[in-house]
Every structure is written in C-alpha cells, then in structure tokens.
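Just so you know, all these numbers are worked out from the coordinates, no wet-lab data involved. The structure displayed is predicted, hence computed values, not measured ones. Counting neighbours? That spans all protein chains shown, and the Cβs are built from the backbone with ideal geometry, glycine included.
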Amino acid sequence: MLTTLDSWRQAQSSELEWHKANQWRAQDELFKSDTSAYLQSCGFNTRQFNSVIDAGCGPRLRSRYFKAKLYAIEPLADAYKASLPWCDLDKATVYPMPLEDYISGLHADFLMCLNVLDHCRDFDKIITNISQYACEFFLSYDCGDPKPDPLHPLVLDEESSEACFSAHGLTITKKIKGDPWRAGYSLNYWLEKAATIELAVAKPAPARRTRKARK
C-alpha cells in the first residue's frame, strides 16, 4: 500500500492548514478529557508504560495521558511549533521526520499511532520501521475508502494490513472495527511483537579425565 511522494506532500500541506483551523486541540480541558476517555476506553491506564512513542502525533500529544518518557515522530513538528501557540511537542523528544524514515536506536515499551497511517505514503515501510521500536502497539486508522482524498492519500484495507503485520512479526492480540470516536470504517489493532524462540542445542560436556589410582 503505497502512494506518490507528491500526493503525500500535498496531504501534509493540507494537514497543516486543517490543524490551524480546527480548534479541538486548542481547548485544553476538552482535549485532555476526550483523550483520557478515549484511551481508557481502549483499556490503557496512565502508568502502564515507562516509555511511549507517539507516532505521527500531530501538533498536540495525546500520549501525555501516560505518565511516561515520551518520544514523538512528526514530519510537521517544526511547522506546528512555529504556527500553533498551543502546540505541546516540547514535552517529548521529537523526531521531525516521516514515519517512513528509520530512526536508529529508538526504542520504548509501547508505540501508539492514532488516525495517522492513511495520511502517510508507504504503509509497509512504516510497519517495517515501527515494528523495531517497541514490544506493544496500538494502531488505529481509517480504512475502507475506495479512493484517496487530499488529506488521506493512502487507501488501506484490512486484509493487506494484517498480512503486513504478520510479515513483520507482529501478533494481533485484539481487534475492533469502528469505534464511537470516529467513522464506522476505522480499524483498531492491539499488537505485540511475536516472540523469537531460539532453541539452544546443548553440547555434550567433554569427558572428564581422571588419574588412574596408583597401586
């Protein structure tokens, strides 16, 4: 599942303008209460993880729900900081780059990616990267639109998504189609990195040499 670089760049420009106009994140108490209600409904508690990656976080960190060390990956981070006074990306270690770019050395207990993946360019490349960043994951994104639009350049489908997860060693532990927060065609996945089991072949111990008893 792949779109063109030009389509993605156009979508990023549209994304910035959308966030300038939308006031939900600018309303501090509403944003915090909605975020808490949402993540609680997904089964998460605030002290569940020591470190969290917020992948494609946008201009405000929903990951601040967790009392944890925060990392954020956001290609528009610099533009958000410059143009949105309520942007709070200074509360995390920020990587201002696309999710398609691999970040060496980045690792956390948990990675969340909320309403992002259909805004991106290369689904397979992203899953390749993020599968190396954490052990537990929550991915939620819109799925099922037959055609892209200026804000959503990537068309995703359930079957291809799950084949990609499996190919990169991610096991689905829970799945919900649709949620009360977004349109009914959203997909929500709780995933874990599949355990790698190495069977150690025990080598026989070398024979112990003993001295012959003297007569």
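Helix 158-167 against the longest principal axis of the chain: what's the angle in degrees, Cα atoms only, rounded to the nearest 10?
The answer is roughly 30 degrees.
Give a quick list of chymotrypsin sites (Phe, Trp or Tyr not before Pro) in segment 67-119 that DSSP marks as loop, anything other than H, G, I, E or B, with at most 14 other Cβ atoms within 10 Å.
When the chymotrypsin sites (Phe, Trp or Tyr not before Pro) of segment 67-119 are filtered for loop state and at most 14 Cβ neighbours within 10 Å, TRP86, TYR102 remain.
As a check on your grasp of the helix formula, calculate [θ] at 222 nm for the chain: sum -39500 (n - 2.57) over DSSP H runs of n ≥ 4, divide by the residue count, round to the nearest 500.
-8000 deg cm²/dmol
Among bridges DSSP assigns within segment 5-193, what percent are antiparallel (round to 5)?
So the antiparallel bridges in segment 5-193 amount to around 50 percent.
Using semi-axes √(5λ) of the Cα gyration tensor in Å as the read-out, say which of [x] 24, 23, 18; [y] 41, 21, 17; [z] 35, 17, 17 was calculated from these coordinates.
Matching the structure shown: [y].
What angle, in degrees between 0 and 90 and rounded to the nearest 10, separates the Cα long axis of helix 28-41 from the longest principal axis of the Cα atoms of the chain?
40 degrees
Put +1 on the Cβ of each Lys and Arg and -1 on the Cβ of each Asp and Glu in the chain; which of LEU30, CYS87, SER51 then has its Cα farthest toward the positive end of the dipole?
Of the listed residues, the answer is SER51.
List the relative contact order of the chain as a percent without decimals, with contacts defined as Cα pairs under 8 Å and 6+ residues apart.
18 percent
Enumerate the calculated ³J(HN,Hα) couplings along segment 63-68 in order (Karplus 6.51 cos²θ - 1.76 cosθ + 1.60, θ = phi - 60°), each rounded to whole Hz, writing x wherever the residue is Gly or Pro.
With the stated coefficients, segment 63-68 comes to 5, 5, 3, 7, 7, 8 Hz.
Fewest first, what order do ASP34, ASP118, ASP90 take by the number of other Cβ atoms within 10 Å?
Fewest-to-most Cβ neighbours within 10 Å comes out as ASP90, ASP34, ASP118.
Give me a comma-separated list of calculated 3J(HN,Hα) values for segment 121-128, in order, Karplus coefficients 6.51, -1.76, 1.60 applied at θ = phi - 60°, integers in Hz, x for any Gly or Pro.
Computed from phi, the couplings for segment 121-128 are 10, 9, 4, 4, 5, 5, 5, 4 Hz.
Mind counting lysine pairs for me in segment 5-193? Cα separation below 13 Å, and the two need to be 8 or more apart along the chain or on different chains.
4
Name the residues whose placed amide hydrogens come within less than 5 Å of the amide hydrogen of SER51, ignoring near sequence neighbours (fewer than 5 apart) on the same chain.
It is LYS69, ASP109, PHE110, by chain and number.
Would you mind calculating the gained length between SER104 and LYS32 on full extension (0.36 nm times residue separation, minus the Cα-Cα distance), in nm to one decimal?
22.8 nm
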